[in-house]
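Inspection log for the structure reproduced underneath, given as structure tokens.
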Amino acid sequence: MTGKAAGVIMAGILMISAIFAGGTVSVKAEGEELITSPHGVLMEASTGQIIYEKDMDTQVKPASITKIMTLLLIFDELAKGTIHMEDQVVTSAYAKSMGGSQVFLEEGEKQTVETMIKCIVIASGNDASVAMAEHIAGSEGEFVKRMNERGAGLGMENTHFEDCCGLTESDNHYTSAHDVAIMSRELVTRYPKVLEYSSVWMENITHETDKGTSEFGLTNTNKLIRSYDGCVGLKTGSTSVAKYCVSAVAQREGITLISVVMTAPDYKVRFTDAAAMLNLGFGSCQLYTDSEPEGLPQIPVEGGVKEQVPCEYKEEFRYLDTTGASLENVEKKIVLPESVQAPVAQGDKAGTAEYYLDGEKIGSVDLIFSQDCREAGYTDCLKKVWDIFL
């Protein structure tokens, strides 16, 4: 047997293992060995680390994957308090006219923001997407402008939106597998509540219009919700030009993975490829989290109104390992100055916490001051002297 033939056989074994092992894969596949779709990427959500990718930065048509950004902007507004889940959203004639995947909203029909979110994320409703865009920004055009600004802020270099639902056939509406993973990560890590909706398989909504009241069933377009253990979202898409796409989010044992497949030839392949990448990730990844770090010493302040100032961790440290190393060997080194000069501002960097695995640095987290300390003036010095003699 030639070396090339042996390699082909091994590649096949790895791919079969990735698909059927249910999270027991312990190796990383390369290129075409894992997925058959032309574009894909697997990302760990909390760190943003890429575990696997195949031509992930090529610009492709996104179809309804577009709605991930629409949902992100909706949840941004909810976080700001400019809209609320119970607010009533009125469907315009333009929103009603969208066609494609829809929940058949009538002109003038009112639904709550929460119901519209369900219509978008579960049933991929184009009409609901446009109705929400108009509710938030006044027009779809203004909303799309905000979508592009949000994408640019996330560093989505290969994305440009022309509408809020993915129906357009414009050549100026495109994204990449990598960018889809980036906006998916922002949505699910910043607003995990969206997963409560994207993990719903079926739910009914009620239409109340001049024609009367009727029930309408929403069915999730993401079949992995039922077939893949731990899948909780997120969004599918398909058009004749974009072919079949999915951004699949799955959670197991504290690890959240985002598996993006673009331009798959059919719907079965998109789900098989997404599952193969997820299996690879769950089989090879372990996450170290310094979730309960020990307390930090207070730092002496020279020339300040306080003698010392406390500090804290700026964020939680997370490290994703795909090598099978023993994470029990992670060691931490606190680097802080012996003292600092006033003034000190809350939030300023005080030092770092450095993390090492088997002697090799794997990352760090900034340590910041948790209080202000202004410089002591003449009166402050007099008060200190007075207090000493009292």
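The values are calculated or read from the model by the stated rules, or taken from the named source; none is laboratory data. Nothing here was measured: the structure is a model prediction, and the numbers come from that model. Cβ coordinates were reconstructed from backbone atoms using ideal geometry, including for glycine residues, and neighbour counts include every protein chain displayed. Surface areas here come from the heavy atoms of the whole protein model, side chains and all, with no ligands, DNA or RNA. Shrake-Rupley method; radii C 1.70, N 1.55, O 1.52, S 1.80 Å.
Below are the figures for this structure:
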{"item": "Stokes-Einstein D for the stretch 250-388, Kirkwood Rh over Cα pairs, 37 °C, 0.692 mPa s (µm²/s)", "result": "175 µm²/s"}
{"item": "Projected label distance in nm at residue 210 and residue 47, using a 7 Å step from Cα toward the beta-carbon", "result": "5.9 nm"}
{"item": "Trypsin sites (Lys or Arg not before Pro) restricted to the stretch 176-221 and DSSP loop, no more than 15 other C-beta within 10 Å", "result": "193, 211"}
{"item": "Neighbourhood charge, 9 Å Cβ-Cβ cut-off, centred on residue 363 and excluding it, Lys, Arg +1 and Asp, Glu -1", "result": "+1"}
{"item": "Residue 228 accessible area, 1.4 Å probe, all protein chains in place, Å² to nearest 10", "result": "20 Å²"}
{"item": "Difference of contour (0.36 nm per residue) and Cα-Cα distance, residue 253 to residue 240", "result": "0.9 nm"}
{"item": "Unit charges at the beta carbon, dipole of the chain: most positive-side option, 175, 152, 274", "result": "274"}
{"item": "Distance in nm between pseudo-label sites at residue 307 and residue 335 (7 Å out along the Cβ direction from Cα)", "result": "3.0 nm"}
{"item": "At 1.306 mPa s and 10 °C, Stokes diffusion of the stretch 133-271 via Kirkwood alpha-carbon radius, µm² per second", "result": "96 µm²/s"}
{"item": "Integer Hz, Karplus 6.51/-1.76/1.60 couplings in order for the stretch 151-167, x for Gly and Pro", "result": "x, 4, x, 8, x, 7, 6, 10, 10, 8, 9, 10, 8, 9, 10, x, 6"}
{"item": "Pair residue 189, residue 323: separation of 7 Å Cα→Cβ label points (nm)", "result": "2.2 nm"}
{"item": "Gain in span if fully extended, residue 298 to residue 110, counting 0.36 nm per residue against the direct Cα distance", "result": "62.1 nm"}
{"item": "Angle in degrees between helix 378-389 and the longest Cα principal axis of the chain, rounded to the nearest 10", "result": "60 degrees"}
{"item": "0 to 90° range, to nearest 10: angle between helix 177-190 axis and the chain longest Cα axis", "result": "60 degrees"}
{"item": "Cα-based reach from residue 110 at 16 Å (exclusive), listing aspartates and glutamates while leaving out same-chain residues under 8 positions away", "result": "86, 87, 127, 134, 208, 210, 215"}
{"item": "Cβ charges +1 (Lys, Arg) and -1 (Asp, Glu), total dipole of the chain, debye", "result": "720 debye"}
{"item": "Antiparallel %, DSSP beta bridges [both residues in the chain], to 5", "result": "95 percent"}
